[in-house]
Amino acid sequence: MKKIGLLFIFCFSMISTAQEIEVKQSIITFFEGFHAKDTLKIKTVCHPKMVLQSIAETKKGTKYSEETAQVFLQSFAKFPKELQFEERLLDYKIQIDGTMAHVWTPYEFYVNGSFSHSGVNSFTLFYENNQWKIVHLIDTRRKK
């Protein structure tokens, strides 16, 4: 009986770890596309109805903004070719319940190699057609 219990715990932890790896890979793919300004790659891990929200902490107060996936993806066409940006994720905290996952990623954002701001991303994903898709992204932004 003890061996069956240990086997169950081992199998459950392996399934849980595999799911976390898949969820994390969706976030990695999102940022690979983001940094390369590759909207086709970004689309592979985002639901078409994804909602993006931001909370910016400024000297004038807190500012909330929201945009659709379509507006977000179209914004890449407006970036100058020489503009380089990098969002460095500092950690991943992943929670999964069935077909829903939540990922919390503190980050630092750099523009053309210079620090711009920091904050945290909060992703909500759901499992659809054997893949984790981002349905919601909200982030905070603050200057240091």
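The values are calculated or read from the model by the stated rules, or taken from the named source; none is laboratory data. Please read all numbers here as calculations on a predicted model, not as lab measurements. Don't worry about glycine lacking a Cβ; one is built from the backbone with ideal geometry, like all the others, and counts go over all protein chains shown.
Okay, here's what the table says:
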{"quantity": "Residue count for the range 72-83, restricted to those that are closer than 19 Å to Ser54 by Cα and without any contact (Cβ under 8 Å) to a residue 12 or more places away in the chain", "calculated": "2"}
{"quantity": "The range 79-105, residues that are within 23 Å of Lys133 (Cα to Cα) and assigned to a loop (DSSP other than H, G, I, E, B)", "calculated": "Leu90, Asp91, Tyr92, Gly98, Thr99"}
{"quantity": "Verdict on Glu108 being part of a strand (DSSP E or B), under 21 Å from Lys37 (Cβ atoms) and not aromatic (Phe, Trp, Tyr)", "calculated": "yes"}
{"quantity": "Every pair of residues 6+ apart whose Cβ atoms lie under 8 Å, when the first sits in the range 84-103 and is in contact (Cβ under 8 Å) with a residue 24 or more places away in the chain while the second is outside any strand (DSSP E or B) and among the hydroxyl-bearing types (Ser, Thr, Tyr)", "calculated": "Ile96/Ser16; Val103/Tyr92"}
{"quantity": "Flag if Glu32 is over 24 Å from Glu128 (Cβ atoms), modelled with pLDDT of 95 or more and surrounded by 13 or more Cβ atoms within 10 Å (Cβ to Cβ)", "calculated": "no"}
{"quantity": "Matching entry among Glu57, Glu128, Glu82 (being closer than 16 Å to Gln25 by Cα and at pLDDT below 95)", "calculated": "Glu128"}
{"quantity": "Residue check, Phe72 touching a Phe, Trp or Tyr at 6+ places or on another chain (Cβ under 8 Å), surrounded by 15 or more Cβ atoms within 10 Å (Cβ to Cβ) and of a type in the set (Phe, Trp, Tyr)", "calculated": "no"}
{"quantity": "Total residues in the range 44-69, condition in a strand (DSSP E or B), within 21 Å of Ala101 (Cβ to Cβ) and among the β-branched types (Val, Ile, Thr)", "calculated": "1"}
{"quantity": "Residue list for the range 118-142, restricted to those being surrounded by 13 or more Cβ atoms within 10 Å (Cβ to Cβ), of a type outside the set (Gly, Ala, Ser) and either outside any strand (DSSP E or B) or without any contact (Cβ under 8 Å) to a residue 40 or more places away in the chain (or both)", "calculated": "Val120, Asn121, Thr124, Tyr127"}
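Per-residue answers, yes or no, for (1) surrounded by fewer than 15 Cβ atoms within 10 Å (Cβ to Cβ); (2) closer than 30 Å to Ala18 by Cβ:
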site: Ile42; (1), (2): no, yes
site: His47; (1), (2): no, yes
site: Phe76; (1), (2): yes, no
site: Leu83; (1), (2): yes, no
site: Gln95; (1), (2): yes, yes
site: Ala101; (1), (2): no, yes
